[in-house]
Amino acid sequence: MITTRRVLLQSGLSLSGSLLLGCSAEQPSPAGAGGDCSDRFATGTRLGIAPFVGESALPLEQPFNSGLDGRSYTDLSKLDAENLLTPSSAFYVRTRYPDLLVSESPWQISLATAGTLSNLFLDELLPFVASQGVHLLECSGNARGASFGLLSSAEWSGVPLLDVLTRAGVSREGSSLLVSGFDQHSEPSEGNQSTPGASWVFRFEELESTGAFLATEMNGEPLSLDHGAPLRLLVPGWYGCTCIKWVNELGIVDQDEPATSQMKEFASRTHQSGVPELARDYLAAEIDLSAMPVRVEKWLVAGRIVYRVVGIQWGGAGPASRLEIRFNDAAWREFEACATAGAGQTWTLWEYAWQPPAPGLYSIVLRAADRAIRTRRLDAGYYLREVAIDEV
Ligand SMILES: Nc1nc2c(c(=O)[nH]1)N[C@H]1C(S)=C(S)[C@@H](COP(=O)(O)O)O[C@H]1N2
Ligand SMILES: [Mo]
(Lines give C-alpha, C1' and ligand atoms only; values in the text may rest on other atoms or scores of the structure.)
(Ligands and ions follow the chains in the order given, each with its own letter.)
Protein backbone atom coordinates (compact mmCIF):
# COMPACT_ATOMS: atom_id res chain seq x y z
CA MET A 1 0.00 0.00 0.00
CA ILE A 2 2.79 2.40 0.92
CA THR A 3 4.55 1.65 -2.34
CA THR A 4 1.36 2.15 -4.28
CA ARG A 5 0.86 5.54 -2.76
CA ARG A 6 4.44 6.61 -3.34
CA VAL A 7 4.09 5.61 -6.95
CA LEU A 8 0.90 7.65 -7.21
CA LEU A 9 2.54 10.67 -5.61
CA GLN A 10 5.52 10.37 -7.91
CA SER A 11 3.26 10.21 -10.88
CA GLY A 12 1.99 13.65 -9.92
CA LEU A 13 -1.29 12.82 -8.23
CA SER A 14 -2.23 14.90 -5.22
CA LEU A 15 -2.95 13.41 -1.79
CA SER A 16 -6.68 13.85 -2.35
CA GLY A 17 -6.21 12.10 -5.65
CA SER A 18 -4.77 9.10 -3.91
CA LEU A 19 -7.66 9.21 -1.43
CA LEU A 20 -10.08 9.03 -4.35
CA LEU A 21 -8.21 6.03 -5.61
CA GLY A 22 -9.21 3.94 -2.63
CA CYS A 23 -7.31 5.02 0.46
CA SER A 24 -10.46 5.78 2.43
CA ALA A 25 -10.65 6.33 6.15
CA GLU A 26 -11.99 2.80 6.51
CA GLN A 27 -8.78 1.49 5.02
CA PRO A 28 -6.06 3.92 6.02
CA SER A 29 -3.19 3.21 3.73
CA PRO A 30 0.00 4.36 5.49
CA ALA A 31 -0.56 2.71 8.84
CA GLY A 32 -2.93 -0.10 7.94
CA ALA A 33 -6.43 -0.38 9.36
CA GLY A 34 -6.87 -1.09 13.04
CA GLY A 35 -4.38 -3.46 14.56
CA ASP A 36 -2.46 -6.29 13.00
CA CYS A 37 0.17 -6.41 15.75
CA SER A 38 2.97 -5.05 13.55
CA ASP A 39 4.45 -1.66 14.35
CA ARG A 40 2.75 0.54 11.78
CA PHE A 41 4.33 3.63 13.29
CA ALA A 42 7.95 2.45 13.02
CA THR A 43 8.72 4.86 10.17
CA GLY A 44 6.52 7.71 11.40
CA THR A 45 7.05 10.81 13.52
CA ARG A 46 5.09 11.48 16.65
CA LEU A 47 3.66 15.00 16.52
CA GLY A 48 1.88 15.20 19.86
CA ILE A 49 -1.10 14.13 21.91
CA ALA A 50 -4.79 14.65 21.25
CA PRO A 51 -6.26 15.48 24.67
CA PHE A 52 -9.21 13.82 26.37
CA VAL A 53 -11.88 16.33 27.29
CA GLY A 54 -14.51 16.47 30.04
CA GLU A 55 -12.37 14.72 32.63
CA SER A 56 -10.58 15.52 35.90
CA ALA A 57 -9.47 19.12 36.25
CA LEU A 58 -7.24 18.14 39.18
CA PRO A 59 -3.56 17.31 38.82
CA LEU A 60 -3.00 13.57 38.63
CA GLU A 61 -0.77 11.54 40.95
CA GLN A 62 -1.03 14.10 43.75
CA PRO A 63 -2.96 13.27 46.91
CA PHE A 64 -5.69 15.73 47.84
CA ASN A 65 -8.17 15.97 50.74
CA SER A 66 -7.78 13.79 53.80
CA GLY A 67 -9.29 10.72 55.44
CA LEU A 68 -12.42 9.34 53.79
CA ASP A 69 -12.36 12.05 51.10
CA GLY A 70 -8.64 11.63 50.44
CA ARG A 71 -7.87 10.70 46.83
CA SER A 72 -5.04 10.45 44.37
CA TYR A 73 -5.60 9.58 40.70
CA THR A 74 -3.16 7.54 38.62
CA ASP A 75 -2.13 9.05 35.27
CA LEU A 76 -2.94 6.18 32.90
CA SER A 77 -1.57 8.07 29.90
CA LYS A 78 1.96 7.13 31.00
CA LEU A 79 1.39 3.43 30.30
CA ASP A 80 3.46 1.73 27.66
CA ALA A 81 5.11 -1.64 27.17
CA GLU A 82 8.08 -0.65 29.34
CA ASN A 83 5.98 1.02 32.03
CA LEU A 84 3.17 -1.31 32.96
CA LEU A 85 3.63 -1.20 36.73
CA THR A 86 2.33 1.79 38.63
CA PRO A 87 5.07 3.27 40.84
CA SER A 88 3.95 3.19 44.48
CA SER A 89 3.89 6.99 44.71
CA ALA A 90 1.55 7.12 41.68
CA PHE A 91 -0.73 4.25 42.79
CA TYR A 92 -4.26 5.58 43.24
CA VAL A 93 -5.63 6.32 46.68
CA ARG A 94 -9.27 6.06 47.74
CA THR A 95 -9.44 7.05 51.43
CA ARG A 96 -6.22 8.39 52.90
CA TYR A 97 -4.96 7.00 56.19
CA PRO A 98 -7.27 7.53 59.15
CA ASP A 99 -5.79 10.23 61.39
CA LEU A 100 -6.97 8.34 64.49
CA LEU A 101 -4.86 5.36 63.52
CA VAL A 102 -2.26 5.01 66.23
CA SER A 103 0.35 2.72 64.85
CA GLU A 104 0.24 0.00 67.42
CA SER A 105 3.49 -1.67 67.83
CA PRO A 106 3.22 -4.56 67.42
CA TRP A 107 0.16 -4.59 65.09
CA GLN A 108 -2.51 -7.05 66.16
CA ILE A 109 -5.42 -8.64 64.35
CA SER A 110 -8.29 -9.83 66.49
CA LEU A 111 -9.56 -13.22 65.45
CA ALA A 112 -13.11 -14.22 66.34
CA THR A 113 -14.26 -17.79 65.84
CA ALA A 114 -17.41 -19.53 67.05
CA GLY A 115 -16.80 -19.16 70.76
CA THR A 116 -13.32 -17.74 71.03
CA LEU A 117 -11.55 -14.45 70.62
CA SER A 118 -7.81 -14.35 70.15
CA ASN A 119 -5.13 -12.07 68.81
CA LEU A 120 -2.79 -12.61 65.95
CA PHE A 121 0.40 -10.56 65.79
CA LEU A 122 1.57 -9.28 62.45
CA ASP A 123 5.12 -10.27 63.48
CA GLU A 124 4.00 -13.90 63.41
CA LEU A 125 2.99 -13.58 59.77
CA LEU A 126 6.07 -11.77 58.49
CA PRO A 127 8.22 -14.91 58.05
CA PHE A 128 5.63 -16.18 55.55
CA VAL A 129 5.48 -13.08 53.39
CA ALA A 130 6.19 -13.95 49.76
CA SER A 131 5.61 -12.36 46.36
CA GLN A 132 1.98 -12.67 45.25
CA GLY A 133 2.58 -11.36 41.73
CA VAL A 134 1.27 -8.40 39.77
CA HIS A 135 -2.34 -7.44 40.46
CA LEU A 136 -4.48 -4.55 39.46
CA LEU A 137 -6.79 -2.62 41.75
CA GLU A 138 -9.76 -0.61 40.58
CA CYS A 139 -12.16 1.43 42.66
CA SER A 140 -15.74 0.51 41.80
CA GLY A 141 -16.38 4.26 41.75
CA ASN A 142 -13.68 4.83 39.10
CA ALA A 143 -15.18 7.44 36.80
CA ARG A 144 -14.60 9.84 33.93
CA GLY A 145 -14.50 12.79 36.35
CA ALA A 146 -11.38 11.20 37.83
CA SER A 147 -9.87 10.55 34.37
CA PHE A 148 -10.51 6.87 35.27
CA GLY A 149 -7.41 7.20 37.46
CA LEU A 150 -8.78 5.08 40.32
CA LEU A 151 -7.06 2.15 38.61
CA SER A 152 -3.46 0.98 39.13
CA SER A 153 -1.35 -2.14 38.93
CA ALA A 154 1.54 -3.20 41.15
CA GLU A 155 3.57 -6.14 42.34
CA TRP A 156 2.46 -7.29 45.79
CA SER A 157 3.90 -9.34 48.64
CA GLY A 158 1.94 -10.88 51.45
CA VAL A 159 0.40 -14.06 52.83
CA PRO A 160 -2.66 -15.83 51.40
CA LEU A 161 -5.58 -15.21 53.75
CA LEU A 162 -6.50 -18.88 54.01
CA ASP A 163 -2.91 -19.69 55.02
CA VAL A 164 -3.18 -17.07 57.76
CA LEU A 165 -6.24 -18.86 59.13
CA THR A 166 -4.60 -22.26 58.90
CA ARG A 167 -1.49 -21.01 60.71
CA ALA A 168 -3.67 -19.48 63.40
CA GLY A 169 -5.29 -22.89 63.85
CA VAL A 170 -8.72 -21.70 62.76
CA SER A 171 -10.96 -24.37 61.35
CA ARG A 172 -13.51 -23.18 58.83
CA GLU A 173 -16.53 -24.21 60.83
CA GLY A 174 -18.58 -21.21 59.69
CA SER A 175 -19.46 -20.36 56.14
CA SER A 176 -17.67 -17.10 55.61
CA LEU A 177 -15.01 -14.71 56.84
CA LEU A 178 -15.54 -11.10 57.87
CA VAL A 179 -12.51 -8.91 57.24
CA SER A 180 -12.44 -5.48 58.89
CA GLY A 181 -10.05 -2.60 58.85
CA PHE A 182 -9.39 0.40 61.00
CA ASP A 183 -11.57 3.21 59.68
CA GLN A 184 -11.97 5.88 62.35
CA HIS A 185 -11.44 9.38 61.09
CA SER A 186 -11.77 12.52 63.20
CA GLU A 187 -13.55 14.28 60.31
CA PRO A 188 -16.64 12.79 58.64
CA SER A 189 -16.74 12.60 54.88
CA GLU A 190 -17.99 15.86 53.30
CA GLY A 191 -21.76 15.52 52.95
CA ASN A 192 -21.36 11.99 54.38
CA GLN A 193 -20.63 10.65 50.92
CA SER A 194 -18.46 7.87 52.30
CA THR A 195 -19.50 5.86 55.33
CA PRO A 196 -16.73 4.99 57.78
CA GLY A 197 -16.38 1.30 58.62
CA ALA A 198 -14.57 -0.87 56.15
CA SER A 199 -15.45 -4.53 56.21
CA TRP A 200 -16.57 -7.20 53.78
CA VAL A 201 -17.82 -10.77 54.14
CA PHE A 202 -16.27 -13.42 51.89
CA ARG A 203 -17.28 -17.04 51.32
CA PHE A 204 -14.33 -19.36 51.93
CA GLU A 205 -14.53 -20.63 48.35
CA GLU A 206 -14.18 -17.03 47.12
CA LEU A 207 -11.01 -16.56 49.15
CA GLU A 208 -9.75 -19.79 47.63
CA SER A 209 -10.67 -19.09 44.00
CA THR A 210 -9.39 -15.51 43.98
CA GLY A 211 -6.22 -16.22 45.96
CA ALA A 212 -7.03 -13.33 48.32
CA PHE A 213 -4.02 -12.32 50.40
CA LEU A 214 -3.02 -9.96 53.19
CA ALA A 215 -0.42 -7.65 51.70
CA THR A 216 2.48 -6.03 53.51
CA GLU A 217 4.44 -4.72 50.50
CA MET A 218 3.80 -2.99 47.19
CA ASN A 219 6.51 -2.99 44.50
CA GLY A 220 9.03 -4.48 46.93
CA GLU A 221 8.63 -1.73 49.53
CA PRO A 222 6.60 -1.66 52.74
CA LEU A 223 3.04 -0.44 52.13
CA SER A 224 2.54 3.29 52.55
CA LEU A 225 0.09 4.50 55.19
CA ASP A 226 -2.37 5.65 52.51
CA HIS A 227 -2.30 2.20 50.92
CA GLY A 228 -3.15 0.41 54.15
CA ALA A 229 0.07 -0.07 56.14
CA PRO A 230 0.92 -2.23 57.85
CA LEU A 231 -1.56 -4.77 56.46
CA ARG A 232 -4.25 -4.68 53.79
CA LEU A 233 -6.35 -7.18 51.89
CA LEU A 234 -6.03 -7.76 48.15
CA VAL A 235 -8.72 -9.79 46.36
CA PRO A 236 -7.41 -10.35 42.82
CA GLY A 237 -10.10 -9.68 40.22
CA TRP A 238 -12.51 -7.94 42.63
CA TYR A 239 -13.20 -4.24 43.03
CA GLY A 240 -11.08 -2.21 45.42
CA CYS A 241 -13.93 -1.69 47.90
CA THR A 242 -13.41 -5.30 49.00
CA CYS A 243 -9.67 -4.76 49.54
CA ILE A 244 -9.82 -3.63 53.16
CA LYS A 245 -6.93 -1.46 54.36
CA TRP A 246 -5.45 -1.35 57.88
CA VAL A 247 -6.82 -4.86 58.55
CA ASN A 248 -7.25 -5.43 62.29
CA GLU A 249 -10.10 -7.92 62.55
CA LEU A 250 -11.00 -11.33 61.13
CA GLY A 251 -14.13 -13.17 62.14
CA ILE A 252 -15.70 -16.47 61.17
CA VAL A 253 -19.38 -15.83 60.54
CA ASP A 254 -22.36 -17.95 59.59
CA GLN A 255 -25.15 -17.96 57.01
CA ASP A 256 -27.13 -15.20 58.69
CA GLU A 257 -24.40 -12.60 58.86
CA PRO A 258 -25.82 -9.19 57.93
CA ALA A 259 -24.21 -7.27 55.08
CA THR A 260 -21.71 -4.67 56.31
CA SER A 261 -22.23 -0.94 55.79
CA GLN A 262 -19.40 -1.08 53.23
CA MET A 263 -21.14 -3.84 51.24
CA LYS A 264 -24.35 -1.82 51.25
CA GLU A 265 -22.63 1.44 50.31
CA PHE A 266 -21.03 -0.24 47.31
CA ALA A 267 -23.93 -2.50 46.33
CA SER A 268 -24.82 -0.79 43.07
CA ARG A 269 -21.19 -0.15 42.14
CA THR A 270 -20.46 -3.88 42.52
CA HIS A 271 -23.50 -4.75 40.35
CA GLN A 272 -25.73 -6.18 43.10
CA SER A 273 -29.46 -6.27 42.52
CA GLY A 274 -30.74 -3.79 45.05
CA VAL A 275 -29.09 -3.59 48.46
CA PRO A 276 -29.38 -7.05 50.04
CA GLU A 277 -29.60 -7.18 53.85
CA LEU A 278 -27.65 -10.42 54.23
CA ALA A 279 -24.04 -10.95 53.23
CA ARG A 280 -24.88 -14.28 51.62
CA ASP A 281 -27.04 -12.55 49.02
CA TYR A 282 -24.13 -10.54 47.58
CA LEU A 283 -22.61 -11.55 44.26
CA ALA A 284 -18.84 -11.74 43.91
CA ALA A 285 -17.62 -8.16 43.38
CA GLU A 286 -15.80 -9.15 40.19
CA ILE A 287 -14.42 -6.71 37.66
CA ASP A 288 -15.71 -7.73 34.22
CA LEU A 289 -13.59 -7.52 31.11
CA SER A 290 -13.16 -3.80 30.41
CA ALA A 291 -11.26 -1.68 27.91
CA MET A 292 -10.61 2.00 27.29
CA PRO A 293 -8.11 4.25 25.55
CA VAL A 294 -5.41 5.80 27.76
CA ARG A 295 -3.74 8.05 25.19
CA VAL A 296 -4.36 9.26 21.64
CA GLU A 297 -1.10 10.13 19.87
CA LYS A 298 -0.93 12.21 16.71
CA TRP A 299 1.54 10.87 14.14
CA LEU A 300 2.81 11.68 10.71
CA VAL A 301 3.21 8.45 8.78
CA ALA A 302 4.24 8.52 5.11
CA GLY A 303 2.99 12.06 4.69
CA ARG A 304 -0.37 11.57 6.37
CA ILE A 305 -1.73 12.27 9.82
CA VAL A 306 -2.69 9.10 11.66
CA TYR A 307 -3.86 8.87 15.26
CA ARG A 308 -2.52 6.05 17.37
CA VAL A 309 -5.15 5.15 19.94
CA VAL A 310 -3.35 3.35 22.79
CA GLY A 311 -5.50 1.58 25.33
CA ILE A 312 -5.70 -1.06 28.01
CA GLN A 313 -7.95 -3.96 28.73
CA TRP A 314 -8.33 -5.56 32.13
CA GLY A 315 -10.71 -7.60 34.29
CA GLY A 316 -12.66 -10.74 33.46
CA ALA A 317 -10.95 -14.06 32.88
CA GLY A 318 -8.10 -12.40 30.96
CA PRO A 319 -7.58 -10.24 27.89
CA ALA A 320 -9.79 -10.70 24.85
CA SER A 321 -7.92 -11.48 21.64
CA ARG A 322 -10.20 -9.28 19.53
CA LEU A 323 -11.82 -6.00 20.49
CA GLU A 324 -14.14 -3.62 18.68
CA ILE A 325 -13.84 0.14 18.78
CA ARG A 326 -16.36 2.84 17.92
CA PHE A 327 -15.82 6.55 17.30
CA ASN A 328 -18.94 8.67 17.90
CA ASP A 329 -21.74 6.65 16.37
CA ALA A 330 -19.79 5.27 13.42
CA ALA A 331 -19.76 1.52 12.86
CA TRP A 332 -17.93 -0.79 15.28
CA ARG A 333 -14.52 -1.75 13.90
CA GLU A 334 -12.98 -5.03 14.97
CA PHE A 335 -9.25 -5.36 15.56
CA GLU A 336 -6.62 -7.68 16.97
CA ALA A 337 -5.86 -6.67 20.56
CA CYS A 338 -2.38 -8.25 20.45
CA ALA A 339 -2.49 -8.88 24.21
CA THR A 340 0.35 -10.65 25.91
CA ALA A 341 -0.87 -14.07 26.96
CA GLY A 342 -1.09 -15.01 30.61
CA ALA A 343 -1.56 -11.50 31.95
CA GLY A 344 -4.95 -12.26 33.48
CA GLN A 345 -4.48 -10.39 36.77
CA THR A 346 -3.43 -7.04 35.38
CA TRP A 347 -3.94 -4.88 32.34
CA THR A 348 -2.61 -5.37 28.82
CA LEU A 349 -2.07 -2.77 26.12
CA TRP A 350 -3.74 -2.59 22.70
CA GLU A 351 -3.56 -0.01 19.97
CA TYR A 352 -5.58 1.09 16.97
CA ALA A 353 -4.50 3.24 13.99
CA TRP A 354 -7.21 5.77 13.30
CA GLN A 355 -7.82 8.39 10.63
CA PRO A 356 -10.75 10.55 11.74
CA PRO A 357 -12.75 12.01 8.84
CA ALA A 358 -12.59 15.62 10.15
CA PRO A 359 -11.38 17.66 13.11
CA GLY A 360 -13.74 17.71 16.09
CA LEU A 361 -14.70 15.89 19.25
CA TYR A 362 -14.95 12.11 19.13
CA SER A 363 -16.23 9.74 21.78
CA ILE A 364 -14.42 6.41 21.94
CA VAL A 365 -15.91 3.21 23.33
CA LEU A 366 -14.84 -0.42 23.12
CA ARG A 367 -16.34 -3.85 23.41
CA ALA A 368 -15.21 -7.45 23.16
CA ALA A 369 -15.68 -8.98 19.71
CA ASP A 370 -16.76 -12.18 21.46
CA ARG A 371 -20.22 -11.12 22.63
CA ALA A 372 -20.41 -14.14 24.99
CA ILE A 373 -17.96 -12.49 27.41
CA ARG A 374 -19.68 -10.71 30.32
CA THR A 375 -18.89 -6.98 30.07
CA ARG A 376 -21.45 -5.21 32.25
CA ARG A 377 -19.66 -1.86 32.37
CA LEU A 378 -18.71 -1.80 28.68
CA ASP A 379 -22.31 -2.66 27.79
CA ALA A 380 -23.40 0.43 29.72
CA GLY A 381 -20.88 2.67 27.93
CA TYR A 382 -19.17 3.26 31.28
CA TYR A 383 -15.61 3.78 30.04
CA LEU A 384 -16.46 6.30 27.32
CA ARG A 385 -13.76 8.92 26.72
CA GLU A 386 -13.92 11.92 24.42
CA VAL A 387 -10.92 13.17 22.48
CA ALA A 388 -10.35 16.50 20.70
CA ILE A 389 -8.90 16.16 17.17
CA ASP A 390 -7.46 19.39 15.77
CA GLU A 391 -6.21 18.23 12.39
CA VAL A 392 -6.68 15.34 9.98
N1 LIG B 1 -10.17 0.70 56.01
C2 LIG B 1 -10.53 1.04 54.76
N3 LIG B 1 -10.21 0.22 53.74
C4 LIG B 1 -10.55 0.52 52.47
C5 LIG B 1 -11.29 1.69 52.18
C6 LIG B 1 -11.65 2.54 53.26
O7 LIG B 1 -12.29 3.58 53.07
N8 LIG B 1 -11.24 2.19 54.53
N9 LIG B 1 -11.64 1.98 50.86
C10 LIG B 1 -11.71 0.85 49.96
C11 LIG B 1 -11.84 1.26 48.57
S12 LIG B 1 -13.37 1.84 48.10
C13 LIG B 1 -10.84 1.09 47.65
S14 LIG B 1 -11.10 1.39 46.01
C15 LIG B 1 -9.49 0.63 48.06
C16 LIG B 1 -8.43 1.61 47.60
O17 LIG B 1 -7.14 1.18 47.94
P18 LIG B 1 -5.92 2.16 47.66
O19 LIG B 1 -6.27 3.50 48.26
O20 LIG B 1 -4.71 1.53 48.26
O21 LIG B 1 -5.78 2.28 46.17
O22 LIG B 1 -9.38 0.49 49.48
C23 LIG B 1 -10.51 -0.08 50.10
N24 LIG B 1 -10.18 -0.32 51.47
MO1 LIG C 1 -13.36 2.02 45.86
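The values are calculated or read from the model by the stated rules, or taken from the named source; none is laboratory data. A quick note: this is a predicted structure, and the numbers were derived from the prediction, not measured. Cβ sites come from the backbone with ideal geometry, for glycine too, and all protein chains shown count toward neighbours. Note: areas computed on protein heavy atoms with side chains; ligands, DNA, RNA excluded. Shrake-Rupley method; radii C 1.70, N 1.55, O 1.52, S 1.80 Å.
Heavy-atom surface analysis with a 1.4 Å probe gives the chain a carbon and sulfur content of 52 percent of its accessible area.
Applying Stokes-Einstein at 20 °C and 1.002 mPa s to the Kirkwood radius of the stretch 96-217, computed over alpha-carbon pairs, gives a translational diffusion coefficient of 128 µm² s⁻¹.
Taken along the Cα-to-beta-carbon direction at a fixed 7 Å, the label points for residue 336 and residue 369 span 0.9 nm. Listed by chain and number, the lysines whose C-alpha is less than 17 Å from the C-alpha of residue 298, apart from same-chain residues fewer than 8 away, are 78. For the listed peptides 265-275, 90-100, a ranking on the average number of other beta carbons within 10 Å per residue, highest first, reads 90-100, 265-275.
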